[in-house]
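Heads up: the structure comes next, in structure tokens.
Read-outs: derived from the displayed coordinates by stated rules, not from any lab. None of the values given here were measured: they were computed from a predicted structure. Here Cβ is always computed from backbone atoms with ideal geometry, including for glycine, and neighbour counts include all displayed protein chains.
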Amino acid sequence: MPPETVIYTTRFCPYCVRAKRLLDAKGVDYREIHVDFKPELRREMVQKSGRHTVPQIWIGDRHIGGCDELMALERGGRLDDLLGRDPAPGGPAAEA
Ligand SMILES: N[C@@H](CCC(=O)N[C@@H](CS)C(=O)NCC(=O)O)C(=O)O
């Protein structure tokens, strides 16, 4: 079983769109938690991550950070490992 990927987002956030585009391109099945107009969910995100910006991303128990950190993991070839997969044959997704 791959670790669960969770992403806290708001709807009109370009960083959220970009992070989700990468996850979609990689075929990652993720759970999205919308925090727009949901102060209790935003508080939960801040409490768990120590950060106030969206997106905030977890793979299993590991807090990845935001979009920039996700992209950096992909560019560095480490994201597949965290996702519990073999490295992509073509290397990092073009998106990253
Ligand atoms: N470097 C961060 C930037 C994230 C960011 O600036 N997100 C904006 C929304 S697109 C944000 O959360 N701004 C503060 C707020 O909405 O309260 C990342 O890569 O995730």
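Structural remarks
- Since only Ala93, Gly66, Val54 are under comparison, the one whose Cα sits farthest along the positive direction of the charge dipole of the chain, derived from C-beta charges on Lys, Arg, Asp and Glu, is Val54.
- Each part reduced to its alpha carbon centroid, region 12-37 and region 42-87 end up 11 Å apart.
- Scoring 62-75, 26-39 by mean Cβ neighbours within 10 Å over their residues and listing the highest first yields 62-75, 26-39.
- 222 nm mean residue ellipticity, helices alone, for the chain (DSSP H n ≥ 4; -39,500 (n - 2.57); rounded to 500): -10500 deg cm²/dmol
- Within the listed set Arg85, Arg42, Arg18, the residue fluctuating most in the Gaussian network model of the chain (springs between alpha-carbon atoms under 10 angstrom) is Arg85.
- Put simply, the amide H of Ile64, placed in the peptide plane, has neighbours under 5 Å in Ile57, Trp58, Ile59, leaving out anything fewer than 5 places away on its chain.
- Modelled label reach - Thr10, point 7 Å along Cα→Cβ, region 40-55 residues with backbone N closer than 15 Å: 40-46, 51-55
- Projecting the Cα positions of Tyr15, Pro39, Val28 onto the charge dipole of region 5-82 (unit charges on Cβ atoms of Lys, Arg, Asp and Glu, taken about the Cα centre) puts Pro39 furthest along the positive direction.
- Phi to ³J(HN,Hα) by Karplus 6.51 cos²θ - 1.76 cosθ + 1.60 over region 53-62, Hz, x for Gly, Pro: 8, 9, x, 10, 10, 10, 10, x, 7, 8
- Rounded to 10°, Cα long-axis angle of helix 14-25 versus longest principal axis of the chain: 40
- From phi via Karplus (6.51, -1.76, 1.60), per-residue ³J(HN,Hα) for region 64-75 in Hz, x at Gly/Pro: 7, x, x, 4, 4, 5, 4, 4, 5, 5, 5, 4
- Relative contact order (%) - criterion: Cα under 8 Å, at least six apart; region: the chain: 32
- Computed from Cα atoms, the angle from the helix 39-49 axis to the main principal axis of the chain rounds to 50 degrees.
- Of all lysines in the structure, those lying under 17 Å Cα to Cα from Lys38, and not within fewer than 8 positions of it along the same chain, are Lys48.
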